[in-house]
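Input: a single structure, listed below in structure tokens.
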Amino acid sequence: MMNVLSVNNIRKSFYDPIEFEVLKSISFDVKRGEFLTLVGKSGSGKSTLLYLLSTMDTDYKGELLVDGELLTGKSLDDLARIRNEKIGFIFQFHYLLAEFTCLKNVMIPALRLGKYSKEEIEFKAMQKLDALGLADQALKPASKLSGGQQQRVAIARALINDPLIIMGDEPTGNLDTKNTDIVFNILKDLTHTSGQTIIAVTHDMDFARASDRTIEMVDGKIRD
Amino acid sequence: MNINSDIAKTYTVSGRKQTMVAILGVLLGMAVYMFMNSMNEGFNRTSNESFFKSTPHLRVYSDDKISAPLQELSDAEMIIINPKIVPNTAKINDPQAIANVLMKQSEVKVVVPQVAMNVFYNNGKSQISGKTVGFEPAKGNEMFNIKSFMVQGDFDNLSSVSNGIVIGAGIAAKMNLETGDNLSITSSRGVNRVLKIVGIFQTNNSVEDKTKSYVSLSTAQQLMKESNAFVSDINVNFFEFNKAKDFAAKYSDMFGYKAEDWQAANESYMAASRMRAIVITFVSLTLLLVSGFGIYNILNMTVSQKINDIAILKAMGFRGNDVVRIFVTQAMTVGVIGVALGITLAIVLINIMKHVYVGGDIGYFPIRFEPMIFLRGTIIGLFITFMAGYIPARKAARVDPVSIFRK
Ligand SMILES: Nc1ncnc2c1ncn2[C@@H]1O[C@H](COP(=O)(O)OP(=O)(O)O)[C@@H](O)[C@H]1O
Ligand SMILES: [Mg+2]
């Protein structure tokens, strides 16, 4: 089983304000350990596609398989469990819980999963923070960190359950060049060292060029 | 601690001020609810107590019968009849047998056959009209606890002094009488007798005190010119006075005489206490509901403030139920603390009021700790809290994370 994610003939329309087909019959596969970037003009449907892949948006036609399992038509609770276990998210904005420490923020998805004891989770979260150069920030409230640091905490959080796939919607969109490089290298490292798959939407052509494969979206379709 | 409760706790603590205000709301609503309902319970208890000093739980008596045509023919025309009360029907046949049967019922505590009549107390040329009740003194005391409100003399002497009488303090005051004095009374059947006062009682009901007197059963029978088998009513007390109405119909059927429970006999008294209960229930429930709005309000606010948190939690795999739990836990924390403090405040208030002397017929403020009321209040309070948390929590659970991330 090489394909970690498969998309077959996916279509999606918005009906508000007028009917508008935002995704037009999209199909592609993503291999294990692949670093895939999605590029395209603003409004071409990249985010919409990523939210479908993420299982958070279930309103589409076609099929979505993750890790060989057909996810189309599954209940919301099942999808939540699958997301928790197999998918990590990084957004343009960090979406950290402001009232918790960085460490606690990183621990939350693992506490939800409940696979390890609290002590093990804490240890693991510390390891992730350390790997991202944030060990000394662990016990600070998330709201007290700089933008680049917050984004790195968000990455640590996305990694805590060792997900199969890490999805990012312009994960470096809010960062300066220096921080963009740091984040990029972290992601690149992950695909090499632990075989995790990355699917990231980006505007940054340098970022895209350095990835394994780039899919370009044009008006809801993949450009060959 | 479970991660959902952990998040709930953090939100509760970080919104300290709002949490405090909501707790205060529940506290006050709860305390007022419990206090007012305990007060109502206290009022009912004291008024029932004073009520049962002169009224039995149930009374079996022979209702007046109206004369009917001797023969009723369905195909015949009604000719003139002249309906009248049949004389001598206010009498129970073989009252001792009925009393014996009643005494055997498991629900019955005391049975007191009595002779009641209207009398005049004569004082020279002036007369006071009143009511005399004759029964076996020991049994009468068991039912009405008369000894507890004697102010002079000894109620027991009613059985040893053959022509003894115990009178109300109001009569004694008006006629300037004391224990040991003689009192001439005239019964409704025109019998005149001089009786010896063996005691004076004082209830907290001034009408009773001004009109009522007690004599022995045989004295009463003599005043009525009746044999020693005559009884006008059979009084019954139950172990639980609230059950009286359940047995009234059964006894009526059993004996063929009217059996009337105290509630049926005192409709207006019952209506007044029902009205009081309705008003108090309405006011106290409204207050509880208002405190529920307080909780609803802070949760609604938290949900809109934390909409990003909710979205990311759902993205990370929290189910709708987890989100509901987070916010319901927050509401219940406020509810449980508020209820606990409300109970404490209500107990303090009750203990203060208990020692306030209001005087008159009542004496000390009639209130005490009522476990059932507190239990009921706690259940209602927690239920309202739950609903006040559940409604915004469900709204939070339905947040679509994608719509948040797109902003
Ligand atoms: N909820 C929505 N209702 C209607 N149209 C939408 C909605 N969300 C996005 N769109 C439209 O769908 C198109 C694709 O949007 P998006 O996937 O965000 O593009 P991208 O991420 O490539 O910039 C845009 O034209 C956008 O206006
Ligand atoms: Mg986008």
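List of remarks:
- Here the relative contact order of chain A, from alpha carbon pairs under 8 Å that lie six or more residues apart, stands at 31 percent.
- Accessible heavy-atom area order of A:D224, B:D233, A:D176, highest first, probe of 1.4 Å: A:D224, A:D176, B:D233
- For A:S47, the shell of other residues with beta-carbons less than 15 Å away shows a net charge of -2, using +1 for Lys and Arg and -1 for Asp and Glu.
- Angle in degrees between helix B:320-353 and the longest Cα principal axis of chain B, rounded to the nearest 10: 40
- Positive contributions from Lys and Arg (+1) and negative ones from Asp and Glu (-1), summed over other residues with Cβ under 15 Å from the Cβ of B:N163, come out at +1.
- Amide H within-cut-off set for A:L5, under 5 Å, with H built and near neighbours excluded: A:V30, A:D67
- Within a straight-line Cα-Cα reach of under 12 Å, A:K41 can be paired with the following aspartates and glutamates, leaving aside sequence neighbours fewer than 8 residues apart in one chain: A:D204, A:E216, A:D219.
- Peptide packing for B:277-289, A:97-109 was compared via the average number of neighbouring C-beta atoms within 10 Å per residue; ordered from the highest value, the list is A:97-109, B:277-289.
- Rounded to whole numbers, the Karplus 3J(HN,Hα) couplings from phi for region B:214-231 are 10, 10, 6, 4, 5, 4, 5, 4, 5, 4, 8, 6, 10, 6, 7, 9, 6, 9 Hz, using 6.51 cos²θ - 1.76 cosθ + 1.60 with θ = phi - 60°, and x at Gly and Pro.
- Equivalent ellipsoid semi-axes - Cα gyration tensor, region B:100-174, angstrom: 28, 15, 11
- Amide H contacts of A:S25 (H built 1.01 Å from N, in plane; Pro and chain starts excluded): A:R11, A:K12 sit under 5 Å, all sequence-distant by 5 or more or on other chains.
- Seen from B:V119, the other residues with C-beta closer than 12 Å to its C-beta sum to a net charge of +4, counting Lys and Arg as +1 and Asp and Glu as -1.
- Peptides A:36-49, A:122-135, A:79-92 ranked from most to least packed by the mean count of surrounding Cβ atoms within 10 Å: A:79-92, A:36-49, A:122-135.
- Shape of the protein assembly as shown, Cα gyration tensor, a/c cut at 1.5: prolate
- Loop-resident chymotrypsin sites (Phe, Trp or Tyr not before Pro) (DSSP state other than H, G, I, E or B) in region A:11-58 with no more than 10 further Cβ atoms inside 10 Å of their Cβ: A:Y15.
- Distant alpha-carbon pairs in region B:341-387 (separation over 13 angstrom), percent: 63
- Cα gyration tensor category, rounded, prolate or oblate, for region A:128-205 with a/c compared to 1.5: oblate
- Cα convex hull of region B:281-324 - mean projected area over all directions, nm²: 3.6
- Shape call, region B:261-353: gyration tensor on alpha carbons, a/c limit 1.5: prolate
- Volume per residue that the Cα convex hull of chain B spans, once the total is divided by residue count, Å³: 242
- Listed by chain and number, the aspartates and glutamates placed with their C-alpha closer than 16 angstrom to that of B:K174 are B:E208, B:D209; residues fewer than eight positions away on the same chain are left out.
- Reachable lysines, given that their alpha-carbon falls under 22 Å from the alpha-carbon of B:K225 and they are not under 8 places away in the same chain: B:K65, B:K91, B:K131, B:K196, B:K212
- Share of pairwise Cα separations in region B:296-407, more than 25 Å, in percent: 44
- Average beta carbon contacts from partner chains per residue of A:93-101, 10 Å cutoff: 5
- Ordering A:L65, B:I347, B:Q152 by Cα displacement along the dipole of the protein assembly as shown toward the positive end leaves B:Q152 in first place; charges were set at the Cβ atoms of Lys, Arg (+1) and Asp, Glu (-1).
The values are calculated or read from the model by the stated rules, or taken from the named source; none is laboratory data. Just so it is clear, the model here is predicted, and its values are computed rather than measured. Neighbour counts run over all protein chains shown; Cβ positions are idealised from the backbone, glycine included. To get the accessible areas, we keep the full protein, side chains included, count just its heavy atoms, and leave off ligands, DNA and RNA. Shrake-Rupley method; radii C 1.70, N 1.55, O 1.52, S 1.80 Å.
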